[in-house]
Amino acid sequence: MKRPRWLRRPWQVVLACGLAGVLLVYAAIGAFNWRHSEDLLANPPRRQADAALVLGSRAYLDGKPHPCLTGRVDTALALAKAGLVRQLAFSGGVDSEDSRIEAITMGEHAIASGFTGPMVLEPASTSTRLNLSLSRPLLLAAGVRRVVIVSEPFHLWRVERLVKMSGFDKSFDVQYAAAPTSCWQALGPFSKGALREPAAIINNAAHGYLF
């Protein structure tokens, strides 16, 4: 009597089960992150702060400032206009995809949008972890003690964990502002960044940055 085909190739069964498990974990992280994103969007910052720290992402798209990035800046500008922050800080180094400096791109957008207040630029970081560590001394030197961290909704759960693990929240009173950028509004949890975020969470967790 012949064995079923799947028993003749057990390695394929193991591989398929492994891939299914990875996909389930990935989907579970994505669903959790989406719920957290929605909660942050529904609960914007309420307390006044000294500065809004805007975290970088890809600077340009099709020869123009990327809407996912400028949307983050626009959220910080709205905080300034509402009187919740008095200065803006932009963190992001050279983007590998377009060779632009994210912090400078954000600063230019803020000025073009009419912002005339003080700004802090951190133009060297290449990861979220470095956004925080390289921005910390610049913010302290600028007299900042209360900060609102601004990024797109899907990004902020990982940011919160990095803030706690790095001790960033021991230097500052930290709040978070989820930026409802045009990218998020168009695709929500299916935007490119949101779909990549579970992989970033897994990678950071594997390196011991989140727990």
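None of the figures in this text is laboratory data; all of them are computed from the coordinates on show. The structure presented is a predicted model; accordingly, all values stated were derived computationally and were not measured. FYI the Cβ positions are ideal-geometry reconstructions off the backbone, even for glycines, and counts take in every protein chain you see.
The figures follow:
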quantity	calculated
Point-charge dipole on Cβ atoms (K/R +1, D/E -1) for the chain, about Cα centre, debye to 20	1040
Cα pair distances exceeding 16 angstrom across segment 44-117, given as percent	43
Net dipole in debye of segment 101-194 [+1 Lys, Arg Cβ; -1 Asp, Glu Cβ; about Cα centre; nearest 20]	340
Between 0 and 90°, nearest 10: helix 10-42 axis offset from the chain longest Cα axis	30
GNM result for the chain, Cα springs below 10 Å: residue of Asn33, Asn43, Asn131 fluctuating most strongly	Asn43
Choice from Leu19, Leu132, Leu187 showing the highest fluctuation, given a GNM over the chain with Cα pairs closer than 10 Å	Leu19
R0 of 22 Å, Cβ-Cβ distance Ala42-Phe190: FRET efficiency to nearest 0.05	0.65
The chain: angle of helix 67-81 to the longest principal axis, Cα-based, in degrees nearest 10	40
Inverse mean reciprocal Cα-Cα distance (Kirkwood Rh) of segment 98-211, Å	15.4
Pairwise FRET efficiency - Ala20 versus Ile104, Cβ, R0 = 35 Å, nearest 0.05	0.20
Euclidean distance of C-alpha centroids, segment 67-94 and segment 45-64, integer Å	4
Angle in degrees between helix 192-206 and the longest Cα principal axis of the chain, rounded to the nearest 10	80
Label corresponding to Cα extents along the principal axes in Å when calculated from the structure given, among (i) 82, 39, 31; (ii) 53, 35, 29; (iii) 49, 44, 29	(i)
Segment 29-146 - charge dipole about Cα centre, Lys and Arg +1 at Cβ, Asp and Glu -1, debye rounded to 20	540
Listed residues Lys81, Lys170, Lys64, most fluctuating in the chain (Gaussian network, C-alpha, under 10 Å)	Lys64
Chain lengthening between His207 and Ala141 when straightened (0.36 nm per residue, less Cα-Cα)	20.8 nm
